[in-house]
Structure formats: structure tokens, C-alpha cells
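S.K.: After the C-alpha cells below, expect a handful of questions from me.
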Amino acid sequence: MTQYPEGIDPESIRNAYAAVRDRVDRACARAGRAAGDVTLIAVSKTHPPEALRVLYDCGVRDFGESYVQELVDKRDVLPDDVRWHFIGRLQTNKARFVTEGVALIHSVDRVGLLDALERRAARGPNDRPVDVLLQVSLAGERTKGGVKPDGLEALYAHARKLEHIRVRGLMTMPPYDEDPQASRPYFARLRDLLAELREQVAREDEAAAAAPTELSMGMSNDFEVAIEEGATLVRVGTALFGERPKA
Ligand SMILES: *Cc1c(COP(=O)(O)O)cnc(C)c1O
């Protein structure tokens, strides 16, 4: 029998997962999309490894973390087939912790960070490209990070010159609003920005395989709207694990 830390109730996590999974599937159906088009990322920041293990045993393999040290600690104790998503603000001097053993970095928003990731990945043991999303700030909030839309094309152009970086798509985080519909214009905008990047690639007549396809958008309060607007990755924490302890 697993001993669960205080406050972790495996049954309620399992039930929450079933409910969220069902809502994802129904949003896909409403939008005429296949359920397999959307990856549910369980955002597990601040929750102990035992809580992640409950979802792992339900078949979840995608987990999102916001803090480098926490990611590193959990990676040590969870099985190797977990796909880790780094979704938090990333300091350039911590780039080296996330170029290996992370499936996707969602929060790349500046040239200096791209260069740091490139340098590190070039030295890595397996010479594997680092998969990233470019985070876009659509509301101009300073605290959240993200490149402004008018800087996106240049950032993307820079990334494409880097041999060990592969831009897979875009990520955004709209301002919090109780009403999920308030997020819709932001999600639609991100989808349009991705379409523009894809046109940029097509104009330059590159292999279509190189064009970015992912849209990481939607959290606990608005993931269904995000799916309707084309999200391929939704990042859900509270609706799965309950409220996070306040720092
Ligand atoms: C914490 C976090 C989430 C999850 O938020 P919930 O509202 O708990 O679902 C998603 N994305 C990012 C970038 C986060 O930091």
C-alpha cells in the first residue's frame, strides 16, 4: 500500500481526471476534432510525486512543471517514459537543466534564452534538437513573460538559424478571467499567428515538415474554449489536483 502524504486523496484525483478527460473529449467532438489531436498536460507544480503517480497509473504521461528544481527532483523519482513539459519562466542560467530529459519547453520568449539552449544542446551527449514553443504575450502583461506579437517573426527567424533548436509551435496565457469566453479572442489570435509563421515557412519553400503545428493554450478555467479555437496542448492543473497551496 502506498502511503499518501497528507492532503493527497488518490480517489479524488482519479475522479477529477475522469471528469477532465471527458470534458476534453466532448470539446473535441463539438469542434469536430479527433480526441487524439489534443494532448492533456497535467500541470503538477507544487504537488508531490505521489500525486503525479496516481495520474501516471491512470495512463497520463504528459506532466507540466514550472520550476527547474522541482522538475529535476520529480524526474528522478517518476518513470522514464514520462514526457516532461517545462512551462514556467526560464532563466538563461538554468537552460542546462532542461535541454535533456524534457520533451518540450513551452516558455521560450527571447533571443538570449534561445542562444543559451542552443549552446547547451550542441554540447549534449546525443546531439538531439531541443523542442520548444515560443511564448507570446497577447495582453502586454509584463509579469507573465512572452514575446510581443510584433517581435515574434524576428524571434522565430532567429530560432530557425539555430541547428539544435526546433520550434514546434506557440504558447500563450491570457489574463485570468472568471469567464472562459474572455480567453477566446486571445486563443484565436494565437492560432492566426501560427498560421502566419506557417506561411512564412511555406514562402521560403522549405520542407513542410519543418513548419510548426502546436498551440499550447487553455488552463483549468478555459481549456474547452481553447480546444474549440484549435489548441493541440492544454495545460491543466487545478481541475486535476485541486488548489495549489499558496506560496
Ligand atoms: C500553473 C500553470 C497552468 C495550470 O493552471 P491551472 O489554472 O491550475 O490549470 C498552466 N499553464 C501555466 C503556464 C502555468 O504556470
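The values are calculated or read from the model by the stated rules, or taken from the named source; none is laboratory data. Quick caveat, the model's predicted, so the values are computed rather than measured. For neighbour counting, all protein chains shown are included, and Cβ atoms are generated from backbone atoms with ideal geometry for every residue, glycine included. To get the accessible areas, we keep the full protein, side chains included, count just its heavy atoms, and leave off ligands, DNA and RNA. Shrake-Rupley method; radii C 1.70, N 1.55, O 1.52, S 1.80 Å.
S.K.: Return yes or no: is THR99 among the polar types (S, T, N, Q), away from the ligand (no atom under 14 Å from the Cβ) and within 17 Å of the chain's Cα centre (by Cα)? Step through it out loud before you land on a result.
M.R.: Working: among the polar types (S, T, N, Q): yes; away from the ligand (no atom under 14 Å from the Cβ): yes; within 17 Å of the chain's Cα centre (by Cα): yes.
Considered against the rule, which asks whether it is among the polar types (S, T, N, Q), away from the ligand (no atom under 14 Å from the Cβ) and within 17 Å of the chain's Cα centre (by Cα), THR99 comes out as yes.
S.K.: When the stretch 157-185 is examined, which residues are found to be in a helix (DSSP H, G or I) and farther than 20 Å from HIS85 by Cβ?
M.R.: Of everything in the stretch 157-185, those that are in a helix (DSSP H, G or I) and farther than 20 Å from HIS85 by Cβ turn out to be ALA157, HIS158, ARG160, PRO180, GLN181, ALA182, ARG184, PRO185.
S.K.: Name the residue, out of GLU243, GLU228, GLU196, that is more than 14 Å from the chain's Cα centre (by Cα) and near the ligand (Cβ under 9 Å from one of its atoms). Spell out how you get there, then give the answer.
M.R.: Working: GLU228 fails: near the ligand (Cβ under 9 Å from one of its atoms); GLU196 fails: near the ligand (Cβ under 9 Å from one of its atoms).
GLU243 is the lone residue from the list that is more than 14 Å from the chain's Cα centre (by Cα) and near the ligand (Cβ under 9 Å from one of its atoms).
S.K.: Can ASP81 be described as in a helix (DSSP H, G or I) and among the acidic types (Asp, Glu)?
M.R.: In short, no.
S.K.: Where the second residue is open to solvent by less than 50 Å² (accessible area, probe 1.4 Å) and assigned to a loop (DSSP other than H, G, I, E, B) and the first is among the small types (Gly, Ala, Ser) and lies in the stretch 170-199, which pairs have Cβ atoms under 6 Å and are six or more apart or on separate chains?
M.R.: That search, which allows pairs on different chains as well, returns SER183/PRO174; SER183/ASP222; ALA188/GLU229.
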